[in-house]
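K.L.:
Dumping the structure here so I can ask a few things about it.
Each reported figure results from applying straightforward, stated rules to the coordinates on display, with no laboratory input. These figures come from a predicted structure and were not determined experimentally. Methodologically, a virtual Cβ is constructed for each residue, glycine included, from the backbone with ideal geometry; neighbour enumeration extends over all protein chains shown.
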Amino acid sequence: MQNNSPSNVDNFPLWRGTGEGFEEDINFDQNHIWHPYTSLTKPLPTYPVVSASGVRLQLADGKELVDGMSSWWTAIHGYNVPELNEAANEQLQKMAHVMFGGITHEPAIKLCQKLVKITPEGLEKVFLADSGSVSVEVAMKMAIQYQHAKGQAQKNKFMTIRNGYHGDTTGAMSVCDPEGGMHHLFSKFLPKHVFVNQPNKRFDESCEEEDYAALEQAFRLNADKCAAFILEPIVQGAGGMWFYSPDYLERIRELCIQHDMLLIADEIATGFGRTGKLFACEHASISPDIMCVGKSLTGGYMTLAATLTTQHVAETVCNGEAGVFMHGPTFMGNPLACAIANRSLELLLECNWQERISTIERQLKRELLPIGNALKVKDVRVLGAIGVVEMNESVDVSTAQKFFVENGVWIRPFRNLIYIMPPYMIAKEDLQHLTATITDFIV
Ligand code: PMP
């Protein structure tokens, strides 16, 4: 068994294992614990983190890394946030969890009130889910139940955009990109849906009529069998970090209305300010029929997501054959997660987040766009607090991560993409450290 991790226990004074030493623990990790998308026979190096505070992750050897990933879009306020710690501690004194069937509690009610208030107009019914993928499953089931209740059970497929990503559970996988996505292997097992081309017009470009031709044809040919269109508004994340024209989203909204399909906006990555608007749908001034939020909902503290919908959809679903919405996970509405989410949303709305995001955006443009001239680079794009460098060739993740860690930053590329979406409170110097290290790696 290859072990790529450092082995001298004396070098890792901060490690507090369960009685085993550092080396044993790391060996156990590599031999027994699956990390996201990893092998247990050819494990890649993992970096042991012992604590995190502000924008810094501390490794077991004492080294500090400036975090460019916000732990996959979640830690928008950074780590070890006093207000969030306090909210968690306070809630722990009352109850960590209680079932949501037949019981309700203040943290869930307050959170849902906030979500209804800040999300696009018309979204006023909330389903609290355990994770992003689950909230997508919930959204898809809602759309199916809606069409069924309308006597249109044949509308049981979904339409979506190529290069999308909506999660790792079965329904969510089925609407991820069928070829380039990470779930190709499962294609024979997954239900087949209708995929339209990724919009090629960029965020700051307008669409011409010809840009909608294939889209309109897909609606004409398939709307009679589709319950809903599901998409990531404006920013396609794990399917390629592509930022597309708001015109395209606006047209899809219109087409869904024309063809009696619901529009599901997956704002799991984009929600809560990341793109410069509180929700990416606002770039196109549209409201979806169903919207999923997650990731940064608890400021990265706990797993929690929500699926919101309209009065009309909720009423139709509940007047249907089942009479109820058919979903109810064990940890639904977990009070601890809800209490933290409440405080996280307050923190976000109290701070001048628009100014922070546009300051980050300006700096990312200043410092990343020049890398576009390098021969190895295919494209550089920035939107809100997201910076993406697309390379011509795939990046070797282990080599890149090693370089980044040695240079004091945490950045995890995938495929040919090196991208960052730092916590919103990152200082100018720390952001510069991130962009300079990316530049050094490439140029
Ligand atoms: N939708 C989008 C747009 C996402 O980016 C993700 C997570 N990368 C998901 C859904 C799935 O969320 P989770 O990993 O919390 O299940």
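K.L.:
Subtract the Cα-Cα distance of I103 and S358 from 0.36 nm times their separation in residues, and report this length gain in nm to one decimal.
P.N.:
Contour length minus Cα-Cα distance gives 87.6 nm.
K.L.:
Based on the mean of other Cβ atoms within 10 Å per residue, sort peptides 130-138, 148-156 so the most packed one is first.
P.N.:
Answer by packing, highest mean first, reads 130-138, 148-156.
K.L.:
Oh, and also: Roughly how compact is the chain, stated as its Cα Rg over 2.2 N^0.38 Å to two decimals?
P.N.:
Ratio of Cα Rg to 2.2 N^0.38 Å: 0.99.
K.L.:
Pick from G102, G239, G408: which residue has the top mean-square fluctuation in a GNM of the chain where Cα pairs under 10 Å get a spring?
P.N.:
Of G102, G239, G408, the most mobile in the Gaussian network model is G102.
K.L.:
How much length, in nm to one decimal, is gained on full extension between L369 and F186, taken as 0.36 nm per residue of separation minus their Cα-Cα distance?
P.N.:
This chain segment gains 62.1 nm when fully extended.
K.L.:
Let's test the formula: R0 of 22 Å, r as the Cβ-Cβ distance of D204 and A427. What FRET efficiency results, to the nearest 0.05?
P.N.:
0.20
K.L.:
Rounded to the nearest 0.05, what FRET efficiency do N27 and K117 have when you use their Cβ-Cβ distance and R0 = 35 Å?
P.N.:
Plugging the Cβ-Cβ distance into 1/(1 + (r/R0)^6) gives 0.10.
K.L.:
So between E254 and S71, what do we pick up on full extension, going 0.36 nm a residue minus the alpha carbon distance?
P.N.:
Using 0.36 nm per residue and subtracting the Cα-Cα distance, I get 62.4 nm.
K.L.:
Label Y37 and E83 with points 7 Å out from Cα along Cα→Cβ: what is the distance between them in nm?
P.N.:
3.3 nm
K.L.:
What shape does segment 270-343 have by the C-alpha gyration tensor, where a ≥ b ≥ c are the square roots of the eigenvalues, rounded means a/c under 1.5, and otherwise prolate means a/b greater than b/c and oblate the rest?
P.N.:
Oblate, because a/c is 1.5 or more while a/b does not exceed b/c.
K.L.:
Between the alpha-carbon centers of segment 329-350 and segment 154-216, tell me the distance in whole angstrom.
P.N.:
Result: 31 Å between the Cα centres.
K.L.:
Taking the Cβ of P107 as the centre, find all other residues whose Cβ is under 12 Å away and add up their charges (Lys, Arg: +1; Asp, Glu: -1).
P.N.:
+2
K.L.:
Short version: ³J(HN,Hα) in whole Hz for each residue of segment 141-157, in order, from phi by Karplus 6.51 cos²θ - 1.76 cosθ + 1.60 (θ = phi - 60°), x for Gly and Pro, what are they?
P.N.:
These are the phi-based 3J(HN,Hα) values: 5, 4, 5, 5, 5, 4, 5, 4, 5, 8, x, 10, 4, 6, 7, 10, 10 Hz.
K.L.:
Let me ask something else. Angle, helix 82-94 long axis vs. longest principal axis of the chain, Cα atoms, 0 to 90°, nearest 10?
P.N.:
70 degrees
K.L.:
Next question, about the same structure. What residues qualify as long-range amide H neighbours of K378, i.e. H under 5 Å apart, gap of 5 or more or another chain, H built at 1.01 Å from N?
P.N.:
E390, M391, N392
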